[in-house]
Structures are given as structure tokens and as C-alpha cells.
Amino acid sequence: MELHQHPIIQHIQKFVLLTGEEQQLLLSLFQEKQLLRRQYLLQAGDVCKYDSFVLEGCLRSFYVDDKGDEHTLHFAMEDWWITDLESFLHQTPALVHIEALTPVTVLQIDKPSLEHLYSAAPAMERFFRILHQNAYLAQNRRILNNISMNGEQRYLELLNQYPDLLQRVPQKYIASYLGITPVFLSQIRAKLGHRN
């Protein structure tokens, strides 16, 4: 496969242009990792050592509260990134788990390699700034949706934005992400004529 055809290069070049040398450097700094379904990419309490780009599969990040209830925070599919950003940037224990929902292949970069990449390929610093800005905006939109929309409206918004996601993720995790019970999600889907 030619460099410019690699999925991560194609993804990054939607936002910034990289020279051939920068593309080679980038690929040399990322390591491929494969996970089985239900295997953890990160467990709460561990320091997050990598930022991960999803080549194949689907993952979720979630928080476990004091009662033992899981709260799904994010999903990641092909061409998406996933990490515990606070743990990764500050090298502190993670508060969340990241679990593979399907067999997964990711490309991972550690913090020292990322800092080297920023120095050697300044466009990558711009890329990650754009990536983090977009993530911040999405998080803000989700908070506002949770405040201003009911469960059905939040489901419809998610369905509109990420229809593929809903086909790949178990309904109990969708319900958790939306902040509703699986039973209520099932009622919403039945009302809208969606198959469970």
C-alpha cells in the first residue's frame, strides 16, 4: 500500500497536508494493536499511555460509579480516535475504561512519540488542535442536548448523526450513552417502528 493510501494518512489529510517524509515518520511512530471483543484498551486506574486511531471495529469508553453502574461516555468506530485525554496528557490514572465492542484494530502513539511528531511535522500539532476542538464542540453539544432534549429527541439526534453506530452497538450501551434505561429505549424504538 502506498503511503497516501493508508487509512490514517487519508484521515489526517482531510484536515492538514503532510509531505511524504512526514507521512513516513507518522507511520513509523504508530504501533498497531489488536483487541478481541470485550477486551480492554484501557482500564480505570491505569495510566493511559496511548492515543488510538481506530482502523477496524468499535469501542466504547465508560465510567463506573460508586454503585457499580456503568455510564457510557463515548463510542469510536473506524476513522475515529479514542483515549482518556486527561490521563494521556497528564500521565495520571484514568477514570474511565475503554472496551472493544467488536474485534478491534487500532494504531497507537505514545506521548513522547507524539511530542516528537509535533516538532518534526508541525502540521500534526494543527491536526490534533482541530481534532480536540471538534471533540470539545461535540461534548458541549451533548451536554446541551442532555439539558434541553428528552430521551426520544436525544435518540433521534444520535440516529441522525451516527446511523451506522446504532447498527453496531448493543442497545444497552446506547441507552447508557443517552442516559435512559434499556426498557425506555426499547419503547422509543417500538414507537418509532425500529427493530429491537
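The values are calculated or read from the model by the stated rules, or taken from the named source; none is laboratory data. Quick caveat: nothing in here was measured; it's all calculated off a predicted structure. Every residue, glycine as well, gets a Cβ built from its backbone with ideal geometry; the counts of neighbours run over all protein chains shown.
The table that follows gives values for the structure above.
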{"item": "Check on Asp66, closer than 22 Å to His116 by Cβ and either in contact with a Cys (Cβ under 9 Å, 6 or more places away or on another chain) or not assigned by TED's automatic domain parsing to the domain that holds Tyr177 (or both)", "result": "no"}
{"item": "Odd one out for Gln139 among (1) assigned by TED's automatic domain parsing to the domain that holds Asp51; (2) modelled with pLDDT of 95 or more", "result": "(2)"}
{"item": "Test set (1) among the acidic types (Asp, Glu); (2) modelled with pLDDT under 95; (3) closer than 30 Å to Ser28 by Cβ - Glu99 fails condition number", "result": "(2)"}
{"item": "Selected residue (criterion: nearest to Asp84 (Cα to Cα)) from residues of the range 29-48 that are surrounded by fewer than 13 Cβ atoms within 10 Å (Cβ to Cβ) and of a type in the set (Lys, Arg)", "result": "Arg38"}
{"item": "Selection status of Glu56, loosely packed, with under 13 Cβ neighbours inside 10 Å, touching a Ser or Thr at 6+ places or on another chain (Cβ under 8 Å) and assigned by TED's automatic domain parsing to the domain that holds Glu115", "result": "no"}
{"item": "Single residue of Ile130, Ile147 found to be exposed (fewer than 15 other Cβ atoms within 10 Å of the Cβ) and touching a residue at least 12 places away in the same chain (Cβ under 8 Å)", "result": "Ile130"}
{"item": "In the range 76-87, the residues that are surrounded by fewer than 21 Cβ atoms within 10 Å (Cβ to Cβ) and either assigned by TED's automatic domain parsing to the domain that holds Gln161 or within 22 Å of Glu32 (Cβ to Cβ) (or both)", "result": "Met77, Glu78, Asp79, Trp80, Trp81, Leu85, Ser87"}
{"item": "All helices (runs of 4 or more DSSP H) inside the range 77-178 with 3 or more residues being under 27 Å from Lys191 (Cβ atoms) and of a type outside the set (S, T, N, Q)", "result": "122-148, 151-161, 163-168, 171-178"}
{"item": "Of all residues in the range 95-126 being over 15 Å from the mean Cα position of the chain (by Cα) and among the small types (Gly, Ala, Ser), the one that is nearest to Gln39 (Cα to Cα)", "result": "Ser113"}
